[in-house]
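Asker: Could you have a look at this structure, given as structure tokens, before my questions?
Values in this text are rule-based calculations from the coordinates and carry no lab data. Just so it is clear, the structure is predicted and the values come from calculations on it, not from any experiment. Cβ sites come from the backbone with ideal geometry, for glycine too, and all protein chains shown count toward neighbours.
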Amino acid sequence: MGEGRISVVIPALDEEACLARAIRSVAADAEVIVADGCSRDRTREVAQGLGALVLSCPPSRGGQMGLGAGRSSGGWLLFLHADTWLELGWAQAIRALGPEVAGGAFRLAIDAPGRAYRVIEAAVDVRSRFFGLPYGDQALFARRSVYDRLGGMAPIPLMEDVDLVRRLRGAGRLAFLRHRAFTSPRRWERHGVFGTSFRNWRLLALYAAGVPPSRLARMYGPPAR
């Protein structure tokens, strides 16, 4: 398991429309594993056609990512959402990190014009750098040795990113790279900018108050399409 080798794990559920772009953004620099949650569309065929290893399991984002990580061989693990793709140079930036770095994330960039989206991006940057709380749509990454020592990804359907980040923070420094993780605007288009932000903060507050992730996942509902 080479320290400089990167494994990218992509959890997917009915993502044939977005998945190819995500895979193509990382395939030249990493091992790619798609953990499919029993999709009913052509998600698996798209992933296989682009050379990704495809695994199947019941839908649960944390469970899917944990399965993919368990089958990976890289010294770094990167968890990429199926509707997100990375800017060129991302792999070199990870490989250049010092041994004190346990993990980190990239800079969020929403793939849509509009002042409201730029405000969201700025707020996410502040939340990440000053409060040490990036979310999964920023493409979280972790040093494999640290990830294994912490017990891996929690097999929960929601808030798996928050759970992982909290444990990584206790294990070393988090790095916030300037390379961008471009993500689809679909959830903001579905619920509105204010509605999506309020919904996210509400779910985070409920999670902090001890509401089980399974219940939060039901409240969150299916992914936007």
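Asker: Counting Lys and Arg as +1 and Asp and Glu as -1, what is the net charge of the other residues whose Cβ lies under 9 Å from the Cβ of residue 156? Please list the in-between numbers first.
Answerer: Values: positive: 61; negative: 160, 163.
Overall, the nearby charge balance is -1.
Asker: Next up: Given 0.36 nm per residue, what is the gain on full extension from residue 186 to residue 201 after removing their alpha carbon distance, in nm? Don't jump to the answer; show the numbers that get you there.
Answerer: Details: separation 15, 0.36 × 15 = 5.40 nm, distance 1.80 nm.
Length gained between residue 186 and residue 201: 3.6 nm.
Asker: For segment 22-93, what value does the Rg/Rh ratio take when both radii are computed over Cα atoms and Rh is the Kirkwood radius, given to two decimals? Please report the intermediate quantities before stating the final value.
Answerer: On the way: Rg = 11.9 Å, Rh = 12.7 Å.
Result: Rg/Rh = 0.94.
Asker: Also: Between beta-carbons, use under 13 Å as the cut-off and find the net charge around residue 85, counting Lys and Arg +1, Asp and Glu -1.
Answerer: -3
Asker: Where does the chain land on Rg(C-alpha)/(2.2 N^0.38 Å)?
Answerer: Compared with the compact-globule rule of thumb, the chain sits at 0.94.
Asker: Separate question: So which trypsin sites (Lys or Arg not before Pro) in segment 1-52 end up in coil per DSSP with only 12 or fewer other C-beta atoms within 10 Å?
Answerer: On the way: sites: 5, 21, 24, 40, 42, 44; in loops: 5, 40, 42.
Of the trypsin sites (Lys or Arg not before Pro), the ones in loops of segment 1-52 whose Cβ has at most 12 other Cβ atoms within 10 Å are 40.
Asker: Arranged by the count of other C-beta atoms within 10 angstrom, fewest first, what order do 201, 85 take?
Answerer: The most exposed by this proxy come first: 201, 85.
Asker: Calculated FRET efficiency, residue 131 and residue 3, Cβ-Cβ r, R0 35 Å, to nearest 0.05?
Answerer: Numbers: r = 29 Å, r/R0 = 0.84.
Step by step, r from the Cβ atoms, then E = 0.75.
Asker: First select every other residue whose beta carbon is under 11 angstrom from the beta carbon of residue 30; then total the charges, Lys and Arg +1, Asp and Glu -1. Don't jump to the answer; show the numbers that get you there.
Answerer: Values: positive: 5, 95; negative: 29, 31.
Around residue 30, the surrounding residues sum to 0.
Asker: Report the gain in length on full extension from residue 118 to residue 27: 0.36 nm times residue separation, minus Cα-Cα distance, nm rounded to one decimal.
Answerer: Full-extension gain reported as 29.9 nm.
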